[in-house]
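Let me begin by presenting the structure, written as structure tokens, before commenting on it.
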Amino acid sequence: MLNIILMGPPGAGKGTHATWIERDYQIPHISTGDMFREAMASGSELGNKIKEIVNRGDLVSDELTCALVKERLSKPDCAKGYLLDGFPRTIPQAEAWEKISKEIGREVNLVINIACPDAELIKRISTRRVCPNCGASYNVVSMKPKKEGICDLCGHALIQRKDDNEESLKVRLANYYKSTAPLLDFYKSRNLLHDFDGMLGAEKLKVELNKLLAKSK
Ligand SMILES: [Zn+2]
């Protein structure tokens, strides 16, 4: 069983690696943003509750977020494990998830952290293009689409996200490091943390990640 938490600053390559891990190890990439959107659209009891809170402009509590993750893990595609992205985000969430995952026998066994220097992230983000239709991510320098400006997967025109610029990235990075530093310590103290170098490049990093995943399967 691979019960994984994926961490790393925006632009470190989480999306790229989540895509092949999901395919090769048959575990779903669960991004909490997507999970919230899906739950709200599903009309489930929990989904409606969340919709109400979000529409009110309030924050969804840690308890409710954990309940939603738990519900998501009961689906058959999670039989071999899960790859969580964007959760836990805080120490209280990590503590709550530790308790609940233990109760349901789905404790986290790997925390993958892809680290990358700010200067490199800033360089990458300004050349990033995304598909607004299917979410695929490209880079006009290092990961060009086959046809310029067009998504390889679905044929939609690619866009540059409005917040993919140096100023907003710096703000996002500062927030990211502030909230995740304690989390990294939390998982390190439990011997779950595995640090990877985002500067290795996608191919080499994939080889390194594969070594860890194959051995932990
Ligand atoms: Zn697409």
How many nm is it between the label spots at Glu120 and Ser168, if each spot is 7 Å from the Cα in line with the beta carbon?
-> 2.4 nm
Any chance you could check the Cα centroid distance between the stretch 38-58 and the stretch 76-102 for me, in angstrom?
-> 20 Å
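Among rounded, prolate and oblate, which fits the stretch 33-142 when a ≥ b ≥ c are the square roots of the eigenvalues of its C-alpha gyration tensor, a/c under 1.5 means rounded, and a/b larger than b/c means prolate? Please list the in-between numbers first.
On the way: a/c = 1.87, a/b = 1.43, b/c = 1.31.
Prolate, since a/c reaches 1.5 and a/b exceeds b/c.
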Under 17 Å from Lys206, Cα to Cα: aspartates and glutamates that are on another chain or at least 8 residues apart | Glu22, Asp24, Asp195, Asp197
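Kindly rank 72-83, 200-211 from highest to lowest mean number of other beta carbons found within 10 Å of each residue.
By packing density, highest mean first, the sequence is 72-83, 200-211.
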Count of lysine pairs, the stretch 25-174, Cα-Cα under 28 Å, sep. 8 or more residues or interchain, comes to 26
Per residue, accessible area of the chain with a 1.4 Å probe, heavy atoms of protein chains only, in Å², comes to 56 Å²
Highest-first arrangement of 46-58, 26-38, where packing means the average Cβ count within 10 Å = 26-38, 46-58
Ignoring ligands, DNA and RNA, what percent of the 1.4 Å accessible area of the chain is carbon and sulfur?
-> 53 percent
How long is the gain from Glu107 to Asn48 if the chain were fully straight, where each residue apart is worth 0.36 nm and the alpha carbon distance is subtracted?
-> 18.5 nm
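The values are calculated or read from the model by the stated rules, or taken from the named source; none is laboratory data. In this text the structure is predicted, and so the values were computed from the model without any measurement. In this analysis, Cβ positions are derived from the backbone assuming ideal geometry, glycine residues included, and neighbour counts consider all displayed protein chains. These accessible areas exclude ligands, DNA and RNA; they are computed on the full protein's heavy atoms, side chains included. Shrake-Rupley method; radii C 1.70, N 1.55, O 1.52, S 1.80 Å.
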